[in-house]
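Shown next, in structure tokens, is the structure this report addresses.
The values are calculated or read from the model by the stated rules, or taken from the named source; none is laboratory data. In this text the structure is predicted, and so the values were computed from the model without any measurement. Ideal geometry is used to build each Cβ from the backbone, glycine not excepted, and the neighbour counts take in all protein chains shown. For accessibility, only protein heavy atoms count, side chains too; no ligands or nucleic acids. Shrake-Rupley method; radii C 1.70, N 1.55, O 1.52, S 1.80 Å.
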Amino acid sequence: MAAMDDPSLSTRSATPADLDAVLAFWKVAAEGASISDDGDGVARLVERDPDALILAERGGALVGTVIAGFDGWRCHLYRLAVHPDQRRRGVGSTLLAAAEERFTALGGRRADAMVLDRNTSAHHAWRAAGYEPEPQWSRWVRHLTD
């Protein structure tokens, strides 16, 4: 799918063949690391929900990612990452539009995003996309593996 205002930018679902490139990309473009940032973790995601990991490409090069997870009840956004050289060029908004289109097609009603508190530059991007923090909620986590 090509971005409406930039025909050189397209989005597609990741395949198992993309996983090494995605992991390498996140080391350059993503803020922070996750316990799931390994080949097995990403492979499970793509196997369980083949359309959840959305890639943005420009000229055949990976320039952005987002995970658009839907559990049948809620729509969750993770790993919105744009290559530093491609920021402020429509990649993030194109990825969010693709994720929101996916959610709407699946019957989703509201999307939420995991955004690090310290990633203040991302806060501006999320607000520009129409997302707002909900200060009454906190994320509670328990790691199930080491």
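Summary of computed values
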item	result
Share of carbon and sulfur in the accessible heavy-atom surface of the chain [1.4 Å probe, %]	52 percent
Asp112 long-range amide H proximity, modeled H, under 5 Å	Cys75, His76, Leu77
J(HN,Hα) series, the range 56-64, from Karplus relation 6.51 cos²θ - 1.76 cosθ + 1.60, nearest Hz, glycine and proline x	10, 10, 10, x, x, 9, 5, 10, x
Exposed-loop-free span, longest in the chain, where chymotrypsin sites (Phe, Trp or Tyr not before Pro) count as exposed if DSSP calls them loop and at most 15 other C-beta atoms lie within 10 Å	1-72
Long-range HN-HN contacts of Val63 with modeled amide H, under 5 Å	Ala56, Glu57, Arg58
Sorted largest first, extent of the range 9-50 alpha carbons per principal axis (Å)	27, 24, 14
Ratio of Rg to Rh over the chain (Cα coordinates, Kirkwood Rh, two decimals)	0.93
Residues whose placed amide H lies under 5 Å from that of Leu53, excluding near-sequence neighbours	Ala14, Ala68
Residue-normalised accessible area of the chain, given per residue in Å² at a 1.4 Å probe	67 Å²
Projected label distance in nm at Thr104 and Trp137, using a 7 Å step from Cα toward the beta-carbon	2.1 nm
Per-residue HN-Hα couplings for the range 9-18 [Karplus 6.51, -1.76, 1.60; θ = phi - 60°; Hz; x = Gly/Pro]	9, 9, 10, 7, 6, 6, 10, x, 5, 8
Inter-label distance for Ser93 and Thr120, nm, one decimal - labels placed 7 Å from Cα along Cα-to-Cβ	2.4 nm
Under the Karplus curve 6.51 cos²θ - 1.76 cosθ + 1.60, θ = phi - 60°, whole-Hz ³J(HN,Hα) for the range 124-131, x wherever Gly or Pro sits	5, 5, 5, 4, 4, 7, x, 9
